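Worksheet: one structure, shown below.
The values are calculated or read from the model by the stated rules, or taken from the named source; none is laboratory data. What you see is a predicted model, and the numbers here were worked out from it, not measured in a lab. Methodologically, a virtual Cβ is constructed for each residue, glycine included, from the backbone with ideal geometry; neighbour enumeration extends over all protein chains shown. Each accessible area value is taken on the protein alone, full model and side chains, heavy atoms only, with ligands, DNA and RNA left out. Shrake-Rupley method; radii C 1.70, N 1.55, O 1.52, S 1.80 Å.
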Amino acid sequence: MSKKFFLETLGCQMNVRDSEHMIAELRTKKNYEQTDDVKEADLIMINTCSIREKPVAKLFSEIGHFNKIKKKNAKIGVCGCSATHLGKDIIKRAPFVDFVLGARNISKITKVIDIKGAVEVDIDYDDSLYAFDDYRSNPYKAYINISMGCNKSCSYCIVPFTRGKEISIPLDIIVNEASRVVKLGIKEICLLGQNVNSYGSSLNDKKINFTYLLQTLSEIDGIERIRFTSPHPLHMDDEFIKEFAKNPYICNSIHIPLQSGSSSVLKNMRRGYTKEWFLNRAEKIRELSPDVGITTDIIVGFPNESDEDFLDTMDVIDKIRFEQIFNFKYSKRPHTTAENFDNQISDEVSSKRLTEVINKHKSYNFDILKSKIDKTYDVLFDGTREDGIISGKSSNNFTVITKGDKSMLGKIAKVKIIETKKNSLSGIIVN
Ligand code: 5AD
Ligand code: SF4
């Protein structure tokens with residue numbers, strides 16, 4: 001009988017893809033089966049995130065819980081970003097942990113599970129060319145890594161210390177992977193990297209950049225939709241913005257992480273752009289790509305952020321009217337330069353600013369949704385709701401619901417929007 005593993009994934013899409021790679025390796029090379037029940041697992045793993053303090057705290061409570069309920073002799077492994085930055089301290093603090101596997105080392109999964117006390121967290125380790133076995137948790141959408149690591153040094157961010165230096169995956173490997181998933185019937189690919197639009201910087205061919213990659217992928221026979229996350233505002237050149245607007249395979253939605261609207265805070269964050277640059281890029285995208293969905297990340301309460309600085313952030317929100325905002329209170333992280341900045345902002349002030357951002361978005365969100373009424377969108381269906389209702393995403397990344405059944409899942413259909421829901425659109429299929 002094959003052994004069973006349980007895997008919990010925290011954090012971003014990069015971690016979701018890393019988990020898929022680990023699942024593939026365990027299934028094909030070690031004959032393991034996945035289970036949703038921790039109690040019956042022979043191997044329990046958590047793929048961790050370290051971007052803010054909260055998920056790290058969750059790691060220890062979670063593994064403590066696993067240790068209490070696990071089967072006798074079941075192994076526990078800690079993988080991912082917190083595994084990298086805490087390393088062997090995890091085993092010191094939780095001696096029942098059998099192995100620690102960093103985000104940059106996941107190709108070693110089939111080895112470490114058999115070595116009690118293994119700690120593999122080398123951030124210079126390069127498994128970008130490793131041929132992982134294939135496994136995808138979503139039958140309609142495929143994540144494809146285009147680069148590993150990050151060469152930026154944003155002063156708040158721990159990622160360069162958990163995922164190491166940036167390496168671009170060679171173009172032919174990406175194209176082969178995309179062609180393979182398209183042949184399997186997958187409709188949408190999502191390209192993953194910490195800074196997707198610095199793609200190519202570590203390759204020895206000047207013509208290869210992110211725009212060139214997008215153009216090359218669009219030529220694959222049968223490809224329908226391309227998304228990517230995340231581009232960096234600094235590298236959004238005109239060539240890219242034009243390609244984004246005119247290429248029919250690229251979805252009409254883009255995540256542009258603002259972080260702050262204040263040029264002075266952006267400087268302290270070492271983001272490399274100003275408020276004006278960000279506005280110029282976002283406005284140009286709105287101009288060339290009508291009806292585009294723009295999402296963003298905002299950090300409030302960065303050290304030294306004054307009321308005036310915060311008003312600049314609110315001003316950018318007013319001007320760009322992001323379709324969605326992911327807001328975070330600044331969280332002090334080890335190894336980062338901002339960790340030692342004076343004038344850390346109190347939790348009270350950060351919380352107040354966070355609420356203001358949320359309320360600002362709420363104040364215009366309804367108008368955004370309402371403006372979509374009577375428009376017709378191509379929707380890729382990927383979920384079922386209550387009886388007879390299905391949901392999917394439009395190219396500009398709105399959740400759209402309509403009447404339909406399971407047979408529609410994985411298909412793209414035209415939906416005319418009739419009404420708005422709290423955070424989604426509802427309509428009728430018209431083709
Ligand atoms: N504190 C709060 N938010 C952070 N992010 C990254 N580092 C921190 C931090 N130290 C946010 C950024 C990034 C998103 C993935 O997480 O907004 O874009
Ligand atoms: Fe993803 Fe960053 Fe969290 Fe790592 S630390 S899982 S890269 S969000």
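A few remarks follow.
- Building the convex hull from the alpha-carbon atoms of segment 205-250 and averaging its projection over directions returns 3.6 nm².
- Placing unit charges on the Cβ atoms of the charged side chains and taking the dipole of segment 208-276 about its Cα centre, the candidate lying farthest along the positive direction among 220, 256, 236 is 256.
- Shape category assigned to segment 378-431 from the gyration tensor of Cα positions, a/c cut at 1.5: rounded
- In a DSSP loop and with at most 13 other Cβ atoms within 10 Å, the GluC sites (Glu not before Pro) in segment 177-235 are 219.
- Rg(Cα)/(2.2 N^0.38 Å) for the chain, N = residue count: 1.00
- Overall form of segment 190-289 per C-alpha gyration tensor (a/c, 1.5; a/b vs b/c): prolate
- For segment 107-182 and segment 328-367, distance of Cα centres in Å: 30 Å
- Taking the inverse of the mean 1/r over every pair of distinct Cα atoms in segment 298-405 gives a Kirkwood hydrodynamic radius of 16.7 Å.
- Applying the Kirkwood pairwise sum to the alpha-carbon positions of segment 53-190 produces a hydrodynamic radius of 16.8 angstrom.
- Residue-count net charge about residue 399 - beta-carbon cut-off 13 Å; Lys, Arg +1, Asp, Glu -1: +3
- Accessible surface, segment 1-50, averaged per residue in Å² (probe 1.4 Å): 41 Å²
- From helices alone, the chain scores -10000 deg cm²/dmol at 222 nm; the rule is -39500 (n - 2.57) for each run of n ≥ 4 DSSP H residues, then divide by the residue total.
- The share of Cα pairs per 5 Å bin across segment 143-252, counted from zero up to the longest distance, runs 2, 12, 23, 25, 19, 12, 6, 1, 0 percent.
- With the convex hull drawn around the C-alpha atoms of segment 45-100, the volume per residue stands at 64 Å³.
- Average accessible surface area per residue within segment 290-406, 1.4 Å rolling probe, Å²: 49 Å²
- Exceedance of the 27 Å cut-off in Cα-Cα distance is limited, within the set 152/246; 141/362; 72/108, to 152/246; 141/362.
- The charge dipole of segment 222-271, taken about the Cα centre with unit charges on the Cβ atoms of Lys, Arg (+1) and Asp, Glu (-1), comes to about 240 debye, rounded to the nearest 20.
- Expressed per residue, the C-alpha convex hull volume of segment 1-94 stands at 97 Å³.
- Summing charges over all other residues whose Cβ lies under 9 Å from the Cβ of residue 150, with Lys and Arg as +1 and Asp and Glu as -1, gives +2.
- Distance from segment 1-67 to segment 246-288 (C-alpha centre basis), Å: 34 Å
- Positive-end extreme of charge dipole, segment 356-403 - chosen from 359, 383, 402 (charges on Cβ): 359
- DSSP-defined beta bridges in the chain - what % are antiparallel, rounded to 5: 35 percent
- Heavy-atom accessible surface of the chain: percent carbon and sulfur, 1.4 Å: 49 percent
- In the context of the full set of protein chains, residues of segment 68-180 present 43 Å² of accessible surface per residue (probe radius 1.4 Å, heavy atoms only).
- Both radii come from the Cα set of segment 261-316: Rg as radius of gyration, Rh as Kirkwood radius; their ratio Rg/Rh reads 1.01.
- Cα gyration tensor shape of segment 9-59, rounded if a/c is under 1.5, else prolate or oblate by comparing a/b with b/c: oblate
- Spatially proximal lysines relative to residue 403 (Cα-Cα < 19 Å; intrachain offsets below 8 disregarded): 372, 375, 393, 411, 414, 416, 421, 422
- Cleavage-rule hits, trypsin sites (Lys or Arg not before Pro), segment 152-242, DSSP coil, Cβ neighbours within 10 Å at most 11: 206, 207
- Cleavage-rule hits (trypsin sites (Lys or Arg not before Pro)) in segment 350-402: DSSP loop, at most 15 neighbouring Cβ within 10 angstrom: 375, 385
- q = 0.17, 0.19, 0.24 Å⁻¹: log10 I(q)/I(0) that the Debye formula gives for segment 121-182, counting C-alpha atoms only: -0.71, -0.83, -1.04
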